[in-house]
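Input: a single structure, listed below in structure tokens.
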Amino acid sequence: MKNPFKFGTVVDGAFFTDREKELQSIGQLLESENHLVLISPRRFGKTSLVCKALQYIDRPVIMVNLQSVTTVAELAALLLKRVFKIYPFEKIKHAMTHFRFIPTFSVNPMTDGVDVAFQPGSDNNVVLEDVLMLIEKLGEKNKFVVVLDEFQEIVDLEKGLDKYLRSVMQLQHNVNYIFLGSQESMMTEIFEKKKSPFYHFGVLMRLPKIPYDDFFRYLLKRFAPMVLEQPEQIAEEILSFTQCHPYYTQQLAFQVWNMLEQKNDVEKLVDHAVDELTRLHDFDYERIWMAMNKTDRHILAVLAQNITSPLNSRSGIPTSTAFSALKRLSRQGYVIKNEKYEIDDPFFARWIYYRSL
């Protein structure tokens, strides 16, 4: 039987897990033509969820990850390149007559796609505005959906870009924006702070972990054909370790399934799978650990022992220092906060715990 679990890429079809409530909410937002701000830690499935929701609408979609660009001109070029994947150049070149800086085009012989670049010296804000207004014009017949992933990166692209971008976007009527972000504090600052240009620009949605009961049923349904006895135990042990984190639950379930196919004994199978995956990443964890300062290591060691919060006397660190470390570790993606602070990667937490014994 084919392994029914998938992680590390956008998932769809049978690999997609639940999220019915969120799918319905996103669908309703798109029908109402409002903008959406979706926030969650990395690897919670934001992109997969949005891609799934977009399958149900008949509208052109452009998706760009802002982590893949380093300048405003690159962002403009990438957006324009995505437009050409939807509309052939010959059909829309007349709509580009308003461009104040003409980009250069070349055909990529490997993909037959069009590569786009703006000449050095072009006004970055102007070229981005021209591309966004082209999308607005093309959306007159069928409104566009533009997905900007890791949108918090906009802050570091160019000073004042957020203000300029808002001034352009608020004039558009034929585009709906979906802003995805994994750094909650930065995304909240952008969309919830009154002085921010993007204050309340879209409907804010926070994506939580998948509920335990939903994830349990998902795992049970897939393990039942493989495990004739006690599939419930395997599902329970997986979720107990991953705490319903979408990415790591899929990863651990994938490993358990592979070990079952090798006819391994069900007893302590999940523990063996956890140990195997932890050993597999030992070198990466060691490299990450050695690059951290002592305060960050101490905070992570406290969290790995499941102490409710390092912001107390048991941590042995001043509250202000611990808070700064948690903020830094959260920004770097090592720590997330749900009901409490916790290490994002449960395998890394296991590695740290055994290291500190």
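The values are calculated or read from the model by the stated rules, or taken from the named source; none is laboratory data. From a predicted model like this one, the values you see are computed outputs, not experimental measurements. Backbone-built Cβ (ideal geometry, glycine too); neighbour counts: all protein chains shown. Each accessible area value is taken on the protein alone, full model and side chains, heavy atoms only, with ligands, DNA and RNA left out. Shrake-Rupley method; radii C 1.70, N 1.55, O 1.52, S 1.80 Å.
So which residues in the stretch 195-204 are farther than 16 Å from residue 160 by Cα and either not aromatic (Phe, Trp, Tyr) or not in a loop (DSSP other than H, G, I, E, B) (or both), if there are any at all?
The answer is 200, 202, 203, 204.
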field: helices (runs of 4 or more DSSP H) contained in the stretch 25-128 and holding at least 2 residues open to solvent by less than 30 Å² (accessible area, probe 1.4 Å)
entry: 46-54, 72-86
query: If you go through the stretch 148-197 one residue at a time, how many are aromatic (Phe, Trp, Tyr) and over 26 Å from residue 335 (Cα atoms)?
result: 2
message: Tell me yes or no: at least one residue of the stretch 258-270 is crowded, with 16+ Cβ neighbours inside 10 Å, assigned to a helix (DSSP H, G or I) and of a type in the set (Asp, Glu).
response: no
- request: Take residue 187 and decide whether it is touching a residue at least 24 places away in the same chain (Cβ under 8 Å), open to solvent by 40 Å² or more (accessible area, probe 1.4 Å) and in a helix (DSSP H, G or I).
  value: no
- request: List the number of the failed condition for residue 156; all other conditions in (1) within 20 Å of the chain's Cα centre (by Cα); (2) surrounded by 18 or more Cβ atoms within 10 Å (Cβ to Cβ) hold.
  value: (2)
message: For the stretch 217-236: of the residues being outside any loop (DSSP other than H, G, I, E, B) and open to solvent by less than 40 Å² (accessible area, probe 1.4 Å), which is nearest to residue 171 (Cα to Cα)?
response: 218
- prompt: Any idea which residue in the stretch 60-69 is farthest from residue 182 (Cα to Cα), counting only those that are in contact (Cβ under 8 Å) with a residue 24 or more places away in the chain and touching a helix residue (DSSP H, G or I) at 6+ places or on another chain (Cβ under 8 Å)?
  reply: 60
